[in-house]
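After the structure tokens below, expect a handful of questions from me.
The values are calculated or read from the model by the stated rules, or taken from the named source; none is laboratory data. Keep in mind the model is a prediction, meaning the values are calculated, not measured. Counting neighbours? That spans all protein chains shown, and the Cβs are built from the backbone with ideal geometry, glycine included.
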Amino acid sequence: MAPTATTQNPSEKDEIEATIRKLASLKPLGSSTYRKDIKAGYDHSFLENVPPTTRARYERHGVDISKGYPYVPELDSIPKFVDEAYAIRNEDYPYIERGKNADPEKKALLGAAKEVIHLTKHIGTEIVGLQLSELTDKQKDELALLIAERVVVFFRDQDLSPQKQLELGHYWGQVEVHPQVPRVSEELNGISVIWQDYYRKKYGLGLTFKKSIGGNSQWHTDLVHEHQPAGITHLHNDAIPSVGGDTVWSSGYAAYDKLSPAFQKFLDGKTAIYKSAHQYVDRENPLKGPKHVEREHPLVRTHPATGWKSLFVNRSMTDRIVGLEPEESKLILEYLFSVYEKNLDIQVRFNWKPTKEGLGTSALWDNRISQHNAVWDHEGNENRHGTRVTSLAEIPYFDENSKSQREALGLSLD
């Protein structure tokens, strides 16, 4: 016999809503890798752990951390429900691809540099002798194109203020303000703190020598769950281990070119579901457990500046391929992850150490065409601290008339 429908009266609805709110308030939700509760506001107890080079940088550029460091958004402002997280950036936002109309020869940028070093054939370029804080708009446009072509570009010996880093981010797109991640201060929205020591001690991120995969130390692409995912990310490290603490990047262009023509044709035009790193309560089914924000994007996307195809997957946040059976999707994604992760010839490993004491190093990469992995070999025995600004880009798209990188450059497809 089928159950009869019942109608909730207003008091019952209010009681259910109150229960849901109470569930959400028991533990502010964050990454599934965190083992401790998130503490909101300025953290004065951890102030003494701020690396000396970080403190000196902030003092030089008028950043006051006397109230505590870092700043974690107040609990009331952190979304606890998945619909609230979706609503943060759920509408189309105007985007200008700065690299699209830049001088292809990049004479203003490269001509002003003391040296231009291509670190590998497929990925990674270091620019010597320029300060990011002094770039003209024309040079910024050319840098955006260089990043689009070389995937990641490095600048050592930078005396860069967090304020200037944020200004650069706004030039390249809508700056992502993460609702949960610690930031430099309450005022400097959009500057996230990348400091694994803090996450280990305050959030219980379980990085050890035996368990060195977690947090930023795993293959991932930033913010793929966004309606308009990340374009250029700029990480400036102001505290760098004397040995180790490297980061590895892998090229999505080259990963796509590694695939057979038949497999490329199979993947072209397909979409996948991408999930957020953080989790939230499902208001409609709160007892089911935490839920990720999910978005559907092309599995192969076209970069608007280069017109080249890139394989848009990453192990941490690509959940499933739309239209395939779960086991089919799992097998294909596992292979695609391995193409990114195992082909050393499409990767670059970079050591951040500057040549001048007291200065920092910047890396700027394009998340539309890459994955990266911070190597946990310094084990927290030396300081590694940085500030990150991410500029969101266009809604991902696939142009069936676009070419692969090697095809466009006239290189062998074997």
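Table: residues versus (1) of a type outside the set (Gly, Ala, Ser); (2) at pLDDT 95 or above; (3) over 11 Å from the mean Cα position of the chain (by Cα).
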site	(1), (2), (3)
Lys356	yes, no, yes
Trp365	yes, yes, no
Ala374	no, no, yes
His378	yes, no, yes
Arg384	yes, no, yes
Ile395	yes, yes, yes
Phe398	yes, yes, yes
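Need at least 3 residues that are under 16 Å from Gly386 (Cα atoms) per element, so show me which strands (runs of 3 or more DSSP E) inside segment 176-254 make the cut, counting only ones lying wholly within it.
Where strands (runs of 3 or more DSSP E) fall fully within segment 176-254 and carry at least 3 residues being under 16 Å from Gly386 (Cα atoms), they are 192-194, 230-239.
What's the total number of residues in segment 301-344 that are more than 20 Å from Tyr253 (Cβ to Cβ), aliphatic (A, V, I, L, M) and part of a helix (DSSP H, G or I)?
Final tally of qualifying residues: 1.
From the list Lys121, Lys106, pick out the single residue that is out of contact with any helix residue (DSSP H, G or I) (no Cβ under 7 Å at 6 or more places or on another chain) and not β-branched (Val, Ile, Thr).
Lys121
Hey, can you tell me all the residues within segment 140-158 that are touching a helix residue (DSSP H, G or I) at 6+ places or on another chain (Cβ under 7 Å) and not in a helix (DSSP H, G or I)?
Of everything in segment 140-158, those that are touching a helix residue (DSSP H, G or I) at 6+ places or on another chain (Cβ under 7 Å) and not in a helix (DSSP H, G or I) turn out to be Val151, Val153, Phe155, Gln158.
Among the residues of segment 346-405, which ones are surrounded by 15 or more Cβ atoms within 10 Å (Cβ to Cβ) and without any contact (Cβ under 8 Å) to a residue 40 or more places away in the chain?
Hits for segment 346-405: nothing passes.
So, one more: Does segment 112-134 include one or more residues that are touching a residue at least 40 places away in the same chain (Cβ under 8 Å), over 19 Å from the mean Cα position of the chain (by Cα) and more than 25 Å from Arg349 (Cα to Cα)?
No, every residue in segment 112-134 fails to be touching a residue at least 40 places away in the same chain (Cβ under 8 Å), over 19 Å from the mean Cα position of the chain (by Cα) and more than 25 Å from Arg349 (Cα to Cα).
Considering segment 321-333 alone, what residues qualify as being in contact with a Lys or Arg (Cβ under 9 Å, 6 or more places away or on another chain) and surrounded by fewer than 18 Cβ atoms within 10 Å (Cβ to Cβ)?
Val322, Gly323, Leu324, Pro326, Lys330
Which of the residues that make up segment 66-77 are out of contact with any strand residue (DSSP E or B) (no Cβ under 6 Å at 6 or more places or on another chain) and surrounded by fewer than 20 Cβ atoms within 10 Å (Cβ to Cβ)?
Ser66, Glu74, Leu75, Asp76, Ser77
So Lys270 clears everything in (1) of a type in the set (Lys, Arg); (2) in contact (Cβ under 8 Å) with a residue 60 or more places away in the chain; (3) under 22 Å from Pro229 (Cβ atoms) except one condition, right? Which one?
(2)
Shifting gears a bit: What single numbered condition from (1) touching a helix residue (DSSP H, G or I) at 6+ places or on another chain (Cβ under 7 Å); (2) farther than 19 Å from Val151 by Cα; (3) modelled with pLDDT of 85 or more fails to hold for Trp172?
Tallying (1) touching a helix residue (DSSP H, G or I) at 6+ places or on another chain (Cβ under 7 Å); (2) farther than 19 Å from Val151 by Cα; (3) modelled with pLDDT of 85 or more, Trp172 fails exactly one: (2).
Any idea which of Lys106, Lys114 is charged (D, E, K, R), more than 20 Å from Gly169 (Cβ to Cβ), modelled with pLDDT of 90 or more and surrounded by 14 or more Cβ atoms within 10 Å (Cβ to Cβ)?
Lys106
Of the conditions (1) at pLDDT 95 or above; (2) over 30 Å from Lys39 (Cα atoms), Lys164 satisfies every one except a single condition; which number is it?
(2)
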